Amino acid sequence: MSAQYNPAEFRPLTFHDAVPAFKEGRSNPRKYLEKCLEVIEAREPVLRAWVEMNIPGARSAADASTKRYQSGRPLSSIDGMPVGIKDLLMTRDMPTRMGSPLYENNFPKQDSACIQALRAAGAIVLGKTVTTELGMSHPGPTTNPFSPIHTPGGSSSGSAAVIGAGMVPAAIGTQVVGSVIRPASFCANYAIKPTMGALNRGERQGFSQSHLGVHAGSLADMWHVSIEIAKRSGGDPGYPGLFGGSELRAAERPTRLIVMEAQGWPELDHDTRGAFEDLLSDLGRAGVEITRRSEHSLVEAFERAIGESLEITRDICAYEMRWSLENLVQQFGGGLSDSLTSRLDIARQMTQDDYRLVISRRETARAAHASIAHIADAIISPSSIGPAPRLDNKGVDSGVVHTTGLPNYNAVTSLLGAPTITIPMLAVKGLPVGVQVIGQQHTDDRLAGIARWIAETIPPRSI
């Protein structure tokens, strides 16, 4: 089943608004889970978003949660919430295949830090969602929940799709380039890629700009999952973790927003640009001042500093994953996709000085971002260059094949380590396109308040 997306009418699955019924005894987490399973049974044959599911374990966890609500002792705001886990993260009760046939038999029987935190908070770890190969560009089998001939995006393909399809209220993703925000844009999710290091990546420490993120059907569920993980597993080693309260911050109207062009502006299709400009006009009428690069020298300097974010991120990732890929080649004699092989080829040509250069350019970009903190409350841009491309597209960018959509608006935020929240605000030709707000590091909580104000105040646009 698929349907044309209309952001004014679409009703995603949410959890926070079901909790009062649990507390009052009018419903319970087991009933909620069974409704999720009904949707999964109906839609999964086409969506193909799940790699593995532990339904008996989920039912047992839901029954335990039901008893806690009946006794008036829920563990947290997400007690009883069914959650999907991107299949890059270890789960003790399911294999971790990482989107690669080379890991078909990989079953560590351990929980990643965030999974331990979710279980401790009472969340129900329902299953593993499809990832692209090793979290990079080669796609898995998942389709877009609004059109089976379009991609859901990547690399958090399954995590985004299960939200858009209403299968679960939240799912965990990861992002090194654009792997949370871009698929969220394509699948009508709310999603957060928090400040670098704000949520503990567990074993996923091999990339210097990898982030753990959360997909959800609502801002409240997105925030609750994020903060409950942070309370229990903290941030990455050496990082202070996610700041903020237990509840989603109150809506906050920004005084001024900076429009970010980055490398996405020249690639925006006509309809997406028109819908986004209409949204900016609505923001202006609501009292928000909009600033563009031509209007401030520091904003122009920032745009120049991020002007090659895709290439910088590509080279950083290639260099940092080289030795893992070399081990796979040595162990299996092949088995990597053409896309991943091209990344390995890039890495083999890089010297240590090449890597030093790209990380110095990253620091320059971060300094330019910090220099505009006083100018505006946040940055705003589309979350992707348009709606999801077709599954059969042959997109190539900067020497790496990107069939799950170009990350022109995403590499920059990963490079900056800046918090980013995407809001499902636009529909272009019946498919979702998100709008993202971007803050300074460690302003995730306030950014959520700004995102809430936009979502509650500005009407969504369809074109």
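Restricting to the chain, what percent of DSSP beta bridges are antiparallel, rounded to 5?
Values: 32 of 48 bridges.
Among the beta bridges of the chain, antiparallel pairing accounts for roughly 65 percent.
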Rounded to the nearest 0.05, what FRET efficiency is calculated for Leu298 and Ser360 with R0 set to 25 Å and r the Cβ-Cβ distance?
0.80
For segment 337-393 and segment 213-286, what is the separation of their C-alpha centers, rounded to whole Å?
18 Å
Averaged over every viewing direction, what's the projected area of the C-alpha convex hull for segment 16-233? Give it in nm², one decimal, please.
10.6 nm²
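Counting only heavy atoms of the protein chains, get the accessible area per residue of the chain (1.4 Å probe) and round it to a whole Å² value.
With the other protein chains kept in place, the chain gives 36 Å² per residue.
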Hey, can you rank 219-232, 303-316, 245-258 by average C-beta count inside 10 Å, highest first?
219-232, 303-316, 245-258
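Roughly speaking, to the nearest percent, how much of the chain's 1.4 Å accessible area is carbon and sulfur?
Working: 8330 of 16820 Å².
Of all accessible area on the chain, carbon and sulfur atoms account for 50 percent.
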Mind listing the long-range amide H neighbours of Val214? Cut-off is under 5 Å, sequence gap 5 or more, other chains count too, H placed in the peptide plane at 1.01 Å from N.
Gly173, Ile192
Semi-axes a, b, c in Å (a largest) for segment 348-444, each sqrt of 5 times a Cα gyration tensor eigenvalue, come to 26, 23, 8
Scoring only Lys, Arg, Asp and Glu (+1, +1, -1, -1) among other residues with Cβ under 14 Å from the Cβ of Pro240 yields -2
With each run of n ≥ 4 DSSP H residues scored as -39500 (n - 2.57), what mean residue ellipticity at 222 nm is computed for the chain after dividing by its residue count and rounding to the nearest 500 deg cm²/dmol?
-12000 deg cm²/dmol
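Extension gain His270-Gln352, at 0.36 nm per residue separation less the Cα-Cα distance, in nm?
Values: separation 82, 0.36 × 82 = 29.52 nm, distance 4.15 nm.
Here the answer is 25.4 nm.
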Per-residue accessible area for Ser137 at 1.4 Å probe radius, Å² rounded to 10?
10 Å²
How big is the Rg/Rh ratio for segment 256-462, C-alpha atoms only, Rh by Kirkwood, two decimals?
1.01
Reach of Lys128 by Cα under 29 Å, taken over lysines that are not fewer than 8 positions away in the same chain:
Lys23, Lys31, Lys35, Lys67, Lys86, Lys109, Lys193, Lys231, Lys394
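Taking the highest mean first, how do the peptides 107-113, 346-352, 169-175 order by number of other beta carbon atoms within 10 angstrom per residue? Don't skip to the end; give the middle numbers.
Details: 107-113: 16.7, 346-352: 13.4, 169-175: 29.4.
Result, highest mean first: 169-175, 107-113, 346-352.
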Say each of Asp345 and Glu326 gets a label point 7 Å from the Cα, pointing the same way as Cα to Cβ; how far apart are those two points in nm?
1.9 nm
Would you please state the base-10 log of I(q)/I(0) at q = 0.06, 0.08, 0.11, 0.13 1/Å for the chain, with intensities from the Debye formula using one equal scatterer on every alpha carbon?
-0.23, -0.41, -0.80, -1.15
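For segment 15-48, state which trypsin sites (Lys or Arg not before Pro) are in a DSSP loop and have at most 13 other beta carbons lying within 10 Å of their beta carbon.
On the way: sites: Lys23, Arg26, Arg30, Lys31, Lys35, Arg43, Arg48; in loops: Arg26, Arg48.
Loop-located and lightly packed - Arg26.
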Based on the Cα gyration tensor of segment 27-128, what are the three equivalent ellipsoid semi-axes, each the root of five times an eigenvalue, rounded to whole Å and given largest first?
25, 17, 9
Starting from 0.36 nm per residue, how many nanometres of slack lie between Val46 and Asp338 once their C-alpha separation is accounted for?
102.5 nm
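The values are calculated or read from the model by the stated rules, or taken from the named source; none is laboratory data. Being a predicted model, the structure only gives us computed values, none of them experimental. Counting neighbours? That spans all protein chains shown, and the Cβs are built from the backbone with ideal geometry, glycine included. Accessible surface areas use protein heavy atoms only, side chains included; no ligands, DNA or RNA. Shrake-Rupley method; radii C 1.70, N 1.55, O 1.52, S 1.80 Å.
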